[in-house]
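The values are calculated or read from the model by the stated rules, or taken from the named source; none is laboratory data. Everything numeric in this text was worked out from a predicted model, so none of it was measured. Here the Cβ positions follow ideal geometry from the backbone for every residue, glycine too, while neighbour counts run over all protein chains shown. Side chains included, ligands, DNA and RNA excluded: accessible areas come from the protein's heavy atoms. Shrake-Rupley method; radii C 1.70, N 1.55, O 1.52, S 1.80 Å.
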Amino acid sequence: MTTFVDRVELHVAAGNGGHGCASVHREKFKPLGGPDGGNGGRGGDVTLVVDQDITTLLDYHHSPHRKATNGQPGAGDHRTGKEGQDLVLPVPDGTVVLDRNGNVLADLVGQGTTFVAGQGGRGGLGNAALASARRKAPGFALLGEPGEARDIVLELKTVADVALVGYPSAGKSSLISVLSAAKPKIADYPFTTLVPNLGVVTAGSTVYTIADVPGLIPGASQGRGLGLEFLRHVERCSVLVHVLDTATLESDRDPVSDLDMIEEELKQYGGLDDRPRIVVLNKIDIPDGQDLADLIRPELEERGYRVFEVSAVARTGLKELSYALAGVIAEARAAKPVEEASRPRNRPNALDDAGFTVTLEEDGIYRVRGEKPERWVRQTDFNNDEAVGYLADRLNRLGVEDELMKAGARAGDGVAIGAEDNAVVFDWEPTVAAGAEMLGRRGEDHRLEAPRPAAQRRRDRESERDEASKEYQEFDPFA
């Protein structure tokens with residue numbers, strides 16, 4: 001049964017914003033109470049937070065779909081809808097967030113570090129908030145925006161100071177078990193270690209963490225064995241420790257060739273050339289192992305490596321090794337620049353100064369792209385004529401119509417606002433007048449000529465009443 005997962009695909013969906021309310025205040029002896037529709041509540045965010053008590057992504061492997069709650073719609077009497085509850089997802093320290101194309105969105109290192117994976121939709125404004133001197137009683141409200149939904153990939157890169165690398169069965173697990181309180185699985189067959197193991201070591205006043213990475217074999221950087229799957233766990237380490245087996249029973253292997261092979265795999269993986277190296281000759285408690293260590297040590301020191309002879313079983317040479325690692329780690333920590341706290345931007349803003357773009361596509365459609373126009377379209381109730389007229393006024397004030405004219409658009413040309421998979425398409429008619437003087441009853445806009453049978457019947461009845469009243473006033477019973 002899987003107990004360690006270091007890579008998952010997570011499907012997150014933030015909460016939708018609540019719709020605004022279109023309401024008119026009604027109270028006895030107050031016939032002109034005015035609009036009192038409240039705003040909708042904001043949808044909940046989906047936030048990733050580093051929790052050092054979490055060491056695996058197993059929970060998200062079993063439950064990859066996560067959704068925050070929606071905001072509630074507004075109500076009359078200026079009542080604002082309840083906001084959606086944020087969904088907080090704890091992740092291990094060292095989690096990297098990527099999109100489906102492999103682009104890094106965030107690198108979460110340090111207790112409490114957060115990243116908003118999905119932003120909740122904003123609540124729509126009620127008609128009370130939309131009232132103005134020119135539009136005193138709006139008959140519409142804005143819709144809540146949908147929450148952000150997307151697929152992200154979480155990759156765990158172990159945060160440790162020291163990484164033990166080497167062939168399978170070189171004694172890495174035995175070494176970490178005697179240097180720290182870690183209890184990894186130890187056996188006399190290859191690939192005993194299937195997941196990275198972490199241990200904490202105290203050497204004098206220095207406390208550091210050490211990671212045991214599953215064994216590497218030739219071709220590990222290209223996917224052979226378990227190497228490619230776990231090589232990323234050594235990326236954050238300050239020191240690389242080569243654990244070499246001086247008592248191997250394989251005739252075609254020796255510690256020097258093992259070291260060269262591991263270094264070649266690390267070179268192929270990339271990004272680890274600047275890490276200091278320490279060589280540990282393990283299993284010197286075996287007579288042949290001590291003889292081989294004495295033979296190859298001068299050659300390794302000539303290459304510039306610091307060499308330590310240890311025995312994890314006999315527990316010899318461990319103190320010198322632990323203090324040497326503490327010294328190297330202390331130097332690395334002192335040389336590391338202090339990072340100033342800054343507010344990260346989750347996504348870059350790719351808009352130009354105008355806030356939108358107008359492009360003519362091959363099919364003759366003029367496409368409008370921009371954060372404001374697309375958001376305004378999402379907020380518009382297209383079943384309400386006055387809301388559509390309000391959208392037209394906003395687009396006109398933003399300068400969309402001017403840009404359409406500059407691009408060569410004419411009356412009747414097709415205009416699409418938004419991306420191809422989620423756009424609103426309409427036949428463009430330039431605005432000749434705008435403002436409150438063009439508005440009729442609440443929910444209607446005379447600039448829209450689409451027939452509405454109910455509204456037409458109401459106008460016909462009003463016209464008949466006006467004619468009857470006029471005839472009655474002109475009637476003289478004494479003539």
Item checked: Residue-by-residue Karplus 3J(HN,Hα) for segment 84-100, coefficients 6.51, -1.76, 1.60, Hz, glycine and proline x -> x, 7, 5, 9, 9, 10, x, 10, x, 5, x, 7, 9, 9, 10, 8, 5
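Taking the Cβ-Cβ separation of Ser469 and Arg410 as r and a Förster radius of 60 Å, what is the calculated FRET efficiency to the nearest 0.05?
On the way: r = 45 Å, r/R0 = 0.75.
Using R0 = 60 Å, I get an efficiency of 0.85.
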Notebook entry, point to check: Under a 1.4 Å probe, what is the accessible area of segment 48-136 per residue, stated in Å²?
Noted result: 55
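Tell me the relative contact order for segment 3-127 as a rounded percent, counting alpha carbon contacts under 8 Å between residues six or more apart.
Working: 391 pairs, mean separation 47.2, N = 125.
This gives 38 percent for segment 3-127.
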Notebook entry, point to check: Based on Cα positions only, what radius of gyration and what Dmax would you give for segment 1-52, in angstroms?
Noted result: 22.8, 73
Check: Are any of the pairs Lys28/Lys136; Lys30/Lys470; Lys67/Lys136; Lys82/Lys372 more than 29 Å apart by Cα-Cα distance, and if so, which?
Finding: Lys30/Lys470; Lys67/Lys136
Notebook entry, point to check: Once amide H atoms are placed 1.01 Å from N in the peptide plane, what residues at a sequence separation of 5 or more from Ser169, or on another chain, have their amide H within under 5 Å of its amide H?
Noted result: Phe191, Thr192
Check: Using a Förster distance of 25 Å, how high is the FRET efficiency between Glu429 and Glu462, based on the Cβ-Cβ distance and rounded to 0.05?
Finding: 0.40
Item checked: Long-range HN-HN contacts of Val24 with modeled amide H, under 5 Å -> Asp36
Check: How far apart, in nm, are the 7 Å Cα→Cβ label points at Val200 and Asp254?
Finding: 4.3
